[in-house]
Amino acid sequence: MSLLVQKFGGSSVANLERIRNVANKIKKFKDKGDDLIIVLSAMSGETDRLLNLAKSIDQFPNQREMDVILSTGEQVTVALLSMTLNAMGIKAKSYTGTQAGILTNNVHTKAKIESVAEDRIRKDLDAGYVVVVAGFQGVTATGEITTLGRGGSDTTAVALAAQFKADECQIYTDVDGVYTTDPRIEKKARKLDTITFEEMLELASLGSKVLQIRSVELAGKYNVPLRVLSSLLEEPGEGTLITFEEKDEYMESDIITGIALNRDETQITVLGVPDTPGIAFNILDAIGQENIDVDLIVQNISEDGTTDFTFTVNAPDYDRALMITQNVADSMKARKVFGRTDIAKLSIVGVGMRSNSGVASRMFHALAQEEINILMISTSEIKVSVIIESKYAELAVRVLHDEFKLHAESES
């Protein structure tokens, strides 16, 4: 008998048939005697529908009101699943983020969880209920509804697993585990039985859609066993376990664990800024005050005493970031500000890079062979990221997958 936290994503609850499928999976665990906390996303596409409704009124909607409308998607799915379970004779009770006592900070649309109340959910678990919690949302100390940002249901699940000391946090999605890269792009992609938290953290931060980066950070911080499984398979198997353990030795084919592609990257460049102290601070501070995350940064100094400053942000933040940057650049008397949205970020990740030199040069050479130009570069101990034109994105993934021999063992 175990306490499990199971999270089901939007594709898993996309319609009533799939909600019944989730209910049948839950019944199998309940029949074995497991205690269950279920976390749900909104139906597939529902969050985008609500976002588009809001933006049809105002391009930059009030952030408080955005949280109010976006939080409704998950409330629909938790109620429907609870109704389905009760109709099957399984006691179930749904909770909104507020009812579950998920306390967050005051940052609307990108809130962070500060604490989770335990008494109410614990009481229902002890009474034999399946507890169904709306993911992606919480409440501030003053009672304001908040949301946790894209993929926030993963973070909700991990936070609950940490608070209740669950035996495992299982993330059910439309894939049966973590792959060496997106199998929709590279058919030879291989499912990984295990991956380290460090590697998963990098892949999540670099654009892998399997897990939200904050959920991986939280799982690592509180040592939550985390597993990725398929909700669409009748027998999902073992999926991929995210672990702290690393291999002692890495063979040639193990230098790189995975390749991540992020199509939601956009680039903003400020040209001809007077080269004086505080340039980066003035631009990035203004961006940061709007809770916009900056990814890659490059600054070049010209011979004429000016500097060019380039950085990348996520696509949903592009319009706001460009407007803010233009205002700051005008105050600094910059020559020009421009942006581009036709880019993608491609990254290779692997803890084996620590003990193997020349990985970056192999990556650059493989891309050069296909005449794929690199616009920006960023490196860390276990990853190399490049910005390229988005039209080459899928080709680049396949080229690097072959270069680092990540294909399935049967094709080795």
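Things worth noting here:
- Residue tally, condition assigned to a helix (DSSP H, G or I) and buried (at least 20 other Cβ atoms within 10 Å of the Cβ), over the stretch 1-17: 3
- Tally, over the stretch 205-220, of residues that are open to solvent by 10 Å² or more (accessible area, probe 1.4 Å) and modelled with pLDDT of 80 or more: 5
- Meets criteria (over 22 Å from ASP293 (Cβ atoms), assigned to a loop (DSSP other than H, G, I, E, B) and at pLDDT 90 or above) for VAL224: yes
- In the condition set (1) surrounded by 22 or more Cβ atoms within 10 Å (Cβ to Cβ); (2) within 20 Å of the chain's Cα centre (by Cα), VAL131 is compliant with all but (2).
- In this structure, ARG354 does not satisfy being touching a Phe, Trp or Tyr at 6+ places or on another chain (Cβ under 8 Å), farther than 17 Å from THR269 by Cα and open to solvent by 30 Å² or more (accessible area, probe 1.4 Å).
- The set of residues in the stretch 272-316 that are touching a Ser or Thr at 6+ places or on another chain (Cβ under 8 Å), farther than 20 Å from SER380 by Cβ and open to solvent by less than 60 Å² (accessible area, probe 1.4 Å) comprises GLY272, VAL273, PRO274, ILE279, ILE283, ALA286, ILE287, ASP308, PHE309, ALA315.
- Cβ-Cβ under 7 Å pairs, at least 6 apart or on other chains, the stretch 103-121 side in contact (Cβ under 8 Å) with a residue 12 or more places away in the chain and on the phi > 0 side of the Ramachandran plot, far side open to solvent by 40 Å² or more (accessible area, probe 1.4 Å) and outside any loop (DSSP other than H, G, I, E, B): THR109/GLN63
- Checklist (1) among the basic types (Lys, Arg); (2) closer than 18 Å to SER94 by Cα; (3) modelled with pLDDT under 95 applied to LYS191, failing item: (2)
- When the stretch 184-204 is filtered for residues that are of a type outside the set (Asp, Glu), assigned to a helix (DSSP H, G or I) and open to solvent by less than 50 Å² (accessible area, probe 1.4 Å), the ones remaining, listed by number, are PHE197, MET200, LEU203, ALA204.
- Selection within the stretch 48-77 - touching a Gly at 6+ places or on another chain (Cβ under 9 Å) and surrounded by 22 or more Cβ atoms within 10 Å (Cβ to Cβ): SER71, GLY73, GLU74, THR77
- Within the stretch 293-330, restricting attention to residues that are without any contact (Cβ under 8 Å) to a residue 40 or more places away in the chain and of a type in the set (Gly, Ala, Ser), the residue that is farthest from ASP264 (Cα to Cα) is GLY305.
- Some residue of the stretch 181-200 being in contact (Cβ under 8 Å) with a residue 60 or more places away in the chain and on the phi > 0 side of the Ramachandran plot: no
- Within the stretch 241-340, strands (runs of 3 or more DSSP E) holding 2 or more residues that are within 30 Å of MET353 (Cα to Cα): 258-262, 265-274, 294-301, 306-314
- Residues in the stretch 205-221 that are in a helix (DSSP H, G or I) and either over 17 Å from ARG263 (Cβ atoms) or not β-branched (Val, Ile, Thr) (or both): SER205, ARG214, SER215, VAL216, GLU217, LEU218, ALA219, GLY220, LYS221.
The values are calculated or read from the model by the stated rules, or taken from the named source; none is laboratory data. Computed from a predicted model, the values in this text were never measured in an experiment. Every residue, glycine among them, receives a Cβ derived from its backbone with ideal geometry; neighbour counts consider all protein chains shown. Surface areas here come from the heavy atoms of the whole protein model, side chains and all, with no ligands, DNA or RNA. Shrake-Rupley method; radii C 1.70, N 1.55, O 1.52, S 1.80 Å.
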